[in-house]
Each structure stands twice: as C-alpha cells, then as structure tokens.
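Here's the structure, in structure tokens; my notes come after.
The values are calculated or read from the model by the stated rules, or taken from the named source; none is laboratory data. Worth saying up front: this structure is predicted, and the values here are computed from it rather than measured. Glycine gets a Cβ as well: all are built from the backbone with ideal geometry, and neighbour counts include every protein chain shown. Please note that ligands, DNA and RNA were not included when accessible areas were found on the heavy atoms of the full protein model with its side chains. Shrake-Rupley method; radii C 1.70, N 1.55, O 1.52, S 1.80 Å.
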Amino acid sequence: MKLPPLRALQCFEAVARFNSFSKAADQLNITQSAVSHQVRLLEEHLGESMFHRKGRTLSLTNMGERYYEEVSQSLANISTASQQIREGKSGKIRLALYSSLAVKWLIPRLDNLRQQYPEIDLSLNMVADEPDCSDQVADCFITVNPPKRNFVSQFLYAERLYPVCGKKIWQQIQDQSLPEALWQYPLLSVQSVFPDDELGEDWQRWCELGGFSLPAEAKMNYFSHMLMAAEAARYDQGITLLNHYLMNDQDRQHNFVRIPMHEILTGDNFYFVYKKSRAKQTDILKLGRWLEQQCYDQEQ
C-alpha cells in the first residue's frame, strides 16, 4: 500500500493534538486552508473520516483516535531518530583523538571530567593518524587538520617542544654548560614532528632557533613516534624534544627533567572539532569548554 504523504500526517497529528485547525496551522506555520487540504487528502487516501465536524465542534472519530495514537508515536520516533543522527544521543559522546594524546594527557584527567559533568558518558576512539571526521568514527574529534566546511573548530593549543632527559642524565649534566653538555649523549629525533623534511630536522630547527649549530659529531637516534622517543629518554638512552602534553604529572615528578632551554613551535595547532549541526548539543559544548579549560591550565 502506498504510504500517505508525510505533510498530511503532520497536519493530521497537529489538528488532533490541538483539536483545532487554526491552532495546528499556527504550530506548523502554514495557512488553515492548507491544513484542511492536507487532512482531506489523508482521509481520501485512507478512505476513512478522521474527524467529526459539527459546526465549530471538532472531535476524532473512533478510527481517528486509533490512528492518532499510531501516527503521533511514529512521528515522535522519526523526530528522535533524526535528532540523534544530527546531534547524537544526549549524554553519550564518542571522541576520536590521537592515541598518544589520549593515553598520556586525556585519560589521567577523566576523573575531573566525571566530577564536573557526571551526566556525560564519554567513550574514546584512539587513532594513530588523522581521524576521519565522520559520524561512523565519532561525534567529535581532536585533530590538527579540522575540516574546512560544515564543522566547528575550537582551538585548544599550539604544539611546542622542549628538551627533556631522564634523571640520571640530568644529574650528570646539570652543572655543565648548555647546550654543549647535550652533545655528550644521543639526541633522540622524532620523524613524525616534521615528516616532510630530512631526518633530524626537529633538532636542526631547535638549534637554529637557539642561535647555535648542531655539531657534526653529535650522535642521533631516530624514532617514528614521540612516545617511543619519550620512553627511550625515560630509560636514560638520550635526550629528546617532547611535547609537554605528552608528559603527565607522574612523568614530571619521577621520570623526566625538563632541561632549562628554549622551546620550539612545530606549527601544529590542535582543535576540538564537531559538526555545525551539533552546535547546540549541550554535552558536546560542555566537553569543549572542559577541554579548553584543561589546556589553559596546562599552559599556566
């Protein structure tokens, strides 16, 4: 059987709910004659009268009452399903972000999120590379490459690197002249920091920014990811340039020492990203404000 037009169903549901053609017209922002026309089309389609009309008195027929119960619930289901696709389920948020950022920075802070916003049910989708900003992946994202259209991009922080080493190495160099003391140990270079440049570019740029040259005899070890270089530095295998978002409080207290020298900007800015259609979803806005505050506190 051919389904009745959705517009006719909407008009019928509104008339039955308000028991008035004029109030239904106001609700739907159309004329009363248009509402009457749609209801007549529906009655013709079904072959049944939905209303008793006696002068200005209006009431549902027995068939109309049964039909209204079914139609009102079905329209409500359609509305809910459509809203969930556009905005996601209230309270349930899927966040996609880089695995290293999730493990070293976000997860240790989740207790704070739960205390401030216990109504948010957050699940994490950790990705190794750039997340695909799609509903199939997550509801919102942390990325350095936000989509240019149809998304809201909320700035979180600009990535900066500074030299760190383990405590054993620091004990050996803390009274020596810098940067000369650094060249005694392997420099742990991360290829993914400047992936389009030559190996060791992170240390080359850091030296240039400091106004000195990287010695030709400096030994350098290469890693594909910053977490690997950080682990090597933690075990005193050399000195690395580390993003401070990948150092948690335990790392600062027990594992790493920040060498008191200059920082370098990598050019990567991190953003909290979500669809414009979800710009009024309260839980996503709360999460965005919380992330922004966490980054602000980190910078202090």
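Straight Cα distances below 17 angstrom link K168 to the aspartates and glutamates E231, D236, D251, with same-chain residues fewer than 8 positions distant left out. Secondary-structure-derived ellipticity at 222 nm for the chain, considering helices only, amounts to -12000 deg cm²/dmol, per-run term -39500 (n - 2.57) for DSSP H runs with n ≥ 4. Of the residues M228, M247, ranked by 1.4 Å probe accessible area with the largest first, the sequence reads M228, M247.
Close amide H pairs (under 5 Å, H built 1.01 Å from N) link T61 with F51, H52, residues at least 5 positions away or on another chain. Seen from Q136, the other residues with C-beta closer than 14 Å to its C-beta sum to a net charge of -1, counting Lys and Arg as +1 and Asp and Glu as -1. Membrane-span-like helices of the chain, defined as complete DSSP H segments with a Cα extent of 20 Å or more along the helix axis and a mean Kyte hydropathy of at least 0.5, are absent. Structure note, pairs K23/K92; K167/K219; K104/K148; K2/K92: Cα-Cα distances above 31 angstrom occur for K23/K92; K2/K92. Residues whose amide H lies under 5 Å from that of K275, counting only those 5 or more places away or on a different chain, are V152; hydrogens are built 1.01 Å from N in the peptide plane. Taking a quarter of the surface of the Cα convex hull of segment 91-198 gives a mean projected area of 10.3 nm².
When the chain is treated as a Gaussian network with alpha carbon springs shorter than 10 Å, the biggest mean-square fluctuation among H45, H244, H254 belongs to H45.
Of all DSSP-defined beta bridges confined to segment 1-132, some 35% are antiparallel rather than parallel.
The residues of the chain expose on average 56 square angstrom of accessible surface per residue, using a 1.4 Å probe on protein heavy atoms. Overall, the accessible surface of the chain at a probe of 1.4 angstrom is composed of carbon and sulfur to the extent of 47 percent. With both bridge residues required to lie in the chain, what share of the DSSP beta bridges run antiparallel, to the nearest 5%? Percentage antiparallel, nearest 5: 60. Sorted on the mean count of surrounding Cβ atoms within 10 Å across their residues, most packed first, peptides 195-202, 15-22 read 15-22, 195-202. Packing order of peptides 208-219, 150-161, 179-190, 288-299, highest average first: 179-190, 150-161, 288-299, 208-219 (average count of other Cβ atoms within 10 Å over each peptide's residues).
Within the listed set N77, N125, N145, the residue fluctuating most in the Gaussian network model of the chain (springs between alpha-carbon atoms under 10 angstrom) is N77.
Potential lengthening of the chain between S72 and E180 amounts to 31.2 nm, from the contour at 0.36 nm per residue minus the alpha-carbon distance.
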